[in-house]
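Worksheet: one structure, shown below.
No value in this document is a laboratory result; all are computed from the given coordinates. Predicted model only: the values in this text are computed from it and were never measured. With ideal geometry, Cβ positions are generated from the backbone for all residues, glycine too; neighbour counts draw on all protein chains shown.
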Amino acid sequence: MQLPKNWPLQLIQLLSIPGMFLAYYLLIYHNGLLFSVCEPNGLEDCGLVSGPGARYSSIGPIPVALIGLVGYIVIFLTIWLKAWVQFIDDYLPELILGLTGIAFLFSAYLTALETFIIHAYCRYCLVSAGIIVIMLILAIIHLRNANKSIA
């Protein structure tokens, strides 16, 4: 059985769905509409990292979780729109690599904040960062496959 040519894109789009749910959960938790299921213990403290009033859970007035939610939605829609927008179809490998690369750098920055400044971790933030790493790897694979088919 052979994989479809665009299997990395399909997986990236599929992974963006749980990413959206995670980011949405963190957003409503940040806004104080939900309690965290993550209790503080040792290095894990979701309230300190992403809870209401957490020092680094916003950039100015914008919650970090909202940035993540918008990022996952943009990645999902970019892949979905390739069938209707010629520009996106023409440059999709580069667009997806750029979007996931930016998401990776932002996630790496946030994880570094958790490690070196906050000294606590949020399990949901780490799962989201893991999703982004996998998406970046898949974007690299897709770009390599697209370049091979051109040559």
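Here are a few things to note about the model shown:
- Mean residue ellipticity at 222 nm, helices only, the chain: -23500 deg cm²/dmol; runs of at least 4 DSSP H residues each add -39,500 (n - 2.57), and the sum is divided by the number of residues.
- Model label sites at L113 and F21, defined 7 Å from Cα along the beta-carbon direction, differ in position by 2.5 nm.
- Spin-label model distance (nm) - W7 vs N147, 7 Å beyond Cα toward Cβ: 2.1 nm
- Highest to lowest packing among 28-37, 125-134, scored as the average C-beta count within 10 Å: 125-134, 28-37
- Centre separation in Å (Cα based) which lies between the stretch 93-126 and the stretch 54-75: 11 Å
- GNM flexibility winner over the chain from Y25, Y124, Y109 (Cα, springs under 10 Å): Y109
- Ascending count of other beta-carbon atoms within 10 Å, so fewest first, for V64, V85: V85, V64
- Kyte-Doolittle mean at least 0.0 and Cα axial length at least 27 Å: DSSP H helices in the chain: 7-30, 86-112, 123-150
- GNM on the chain, alpha-carbon springs under 10 angstrom: the most fluctuating residue among E94, E39, E114 is E39.
- The mean sequence separation of alpha-carbon pairs under 8 Å and at least six residues apart, normalised by the residue count of the chain, gives a relative contact order of 32 percent.
- Distance cut-off 29 Å, percentage of C-alpha pairs in the chain lying past it: 24 percent
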